[in-house]
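Please read the structure below before turning to the comments.
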Amino acid sequence: MKKVIVVSVLSLISLLVAPVHAATATGNFDVNINLTSACLYAKTSDVQFDYVSFQATAQSQTTAGGFTVRCTNTLPYTMALDGAGSYTDAALNLAYTLSLSAAGATGNGTLQTFSVSGSMGLGQSGNCLTPGGSCTNIGSMNKTRTLTITY
């Protein structure tokens, strides 16, 4: 019986003193990302003309239109105005042209600033029902222009 106890005690001691071996396993995995590129447009100002009937010189806009574009970093994009840049206002019957400060750019993830400049030809009479007064095109059906950003 003493032998059994001694063997049992020695067995327990050997379990306590035996080195514990920790094991690890490693593996790799991928992180897949699908990015949909985009551009954002924001108007900062409208184009403003102040014109006098039969004006002897062409009139540049008194306020240039302004806008910002923010596109995905390294994304190339182009910009174009509707109507190829030549227009006649439906309410006032005044012809004008518009042009962009740039035809395009490459996105850098931050706001990029552009402008729309315009010119109105000389000698136009226009339409105005206010004698000696001024008229606006506030109700004009075609005063809104469209800028298309293609990316």
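The values are calculated or read from the model by the stated rules, or taken from the named source; none is laboratory data. Predicted model, so just to flag it, every value in this text is computed and none were measured. FYI the Cβ positions are ideal-geometry reconstructions off the backbone, even for glycines, and counts take in every protein chain you see.
The figures follow:
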read-out: Residue in the range 78-85 that is without any contact (Cβ under 8 Å) to a residue 40 or more places away in the chain and surrounded by 15 or more Cβ atoms within 10 Å (Cβ to Cβ) present; value: yes
read-out: Single match in 86, 117 (criterion: out of contact with any helix residue (DSSP H, G or I) (no Cβ under 8 Å at 6 or more places or on another chain) and under 17 Å from residue 42 (Cα atoms)); value: 117
read-out: Any pair with Cβ under 8 angstrom, 6 or more apart, that starts in the range 99-111 at a residue that is among the charged types (D, E, K, R) and ends at one that is loosely packed, with under 12 Cβ neighbours inside 10 Å and modelled with pLDDT under 95; value: none
read-out: Pairs, first closer than 30 Å to residue 130 by Cα and assigned to a loop (DSSP other than H, G, I, E, B) in the range 53-74, second among the β-branched types (Val, Ile, Thr) and modelled with pLDDT of 95 or more, C-beta under 7 Å, six or more apart; value: 61/47; 64/47; 64/116
read-out: Number of positions in the range 35-52 that are within 30 Å of residue 129 (Cα to Cα) and in contact with a strand residue (DSSP E or B) (Cβ under 8 Å, 6 or more places away or on another chain); value: 7
read-out: Residue within the range 22-32 that is touching a strand residue (DSSP E or B) at 6+ places or on another chain (Cβ under 9 Å), over 30 Å from residue 126 (Cα atoms) and either of a type in the set (Val, Ile, Thr) or modelled with pLDDT under 95 (or both) present; value: no
read-out: One residue from 123, 132, 139 being exposed (fewer than 11 other Cβ atoms within 10 Å of the Cβ), within 21 Å of residue 56 (Cβ to Cβ) and at pLDDT below 95; value: 132
read-out: Number of the condition not met by residue 101 [criteria: (1) surrounded by 12 or more Cβ atoms within 10 Å (Cβ to Cβ); (2) touching an Asp or Glu at 6+ places or on another chain (Cβ under 8 Å); (3) of a type outside the set (Phe, Trp, Tyr)]; value: (2)
